[in-house]
């Protein structure tokens, strides 16, 4: 049986929410091995003068817990 750890990661983008989610996964993959899935938890944005300036996507990243060697 494999235990799975889940963490929250916030990605940002000036282009859109999907790009923000992709940024979150890309950055997390630099320090987390074997990411098996993500779940989008929240979509938000910073607005200035009536226009979206930065998209933010909070994702839950799931990966297996490996035994220490």
Inter-label distance for residue 48 and residue 12, nm, one decimal - labels placed 7 Å from Cα along Cα-to-Cβ = 1.1 nm
Value at 222 nm in deg cm²/dmol, rounded to 500, when DSSP H runs of n ≥ 4 in the chain each add -39,500 (n - 2.57) | -5500 deg cm²/dmol
Among 51, 41, 23, whose mean-square fluctuation peaks in a Gaussian network model of the chain (Cα, cutoff 10 Å)?
-> 51
Report the relative contact order of the chain, percent, no decimals, based on alpha-carbon pairs under 8 angstrom and at least 6 residues apart.
-> 44 percent
Using the beta-carbon distance between residue 26 and residue 65 and R0 = 35 Å, what value does 1/(1 + (r/R0)^6) give for FRET efficiency, to the nearest 0.05?
-> 0.95
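No lab work stands behind these numbers, since they all come straight from the coordinates. A quick note: this is a predicted structure, and the numbers were derived from the prediction, not measured. Backbone-built Cβ (ideal geometry, glycine too); neighbour counts: all protein chains shown.
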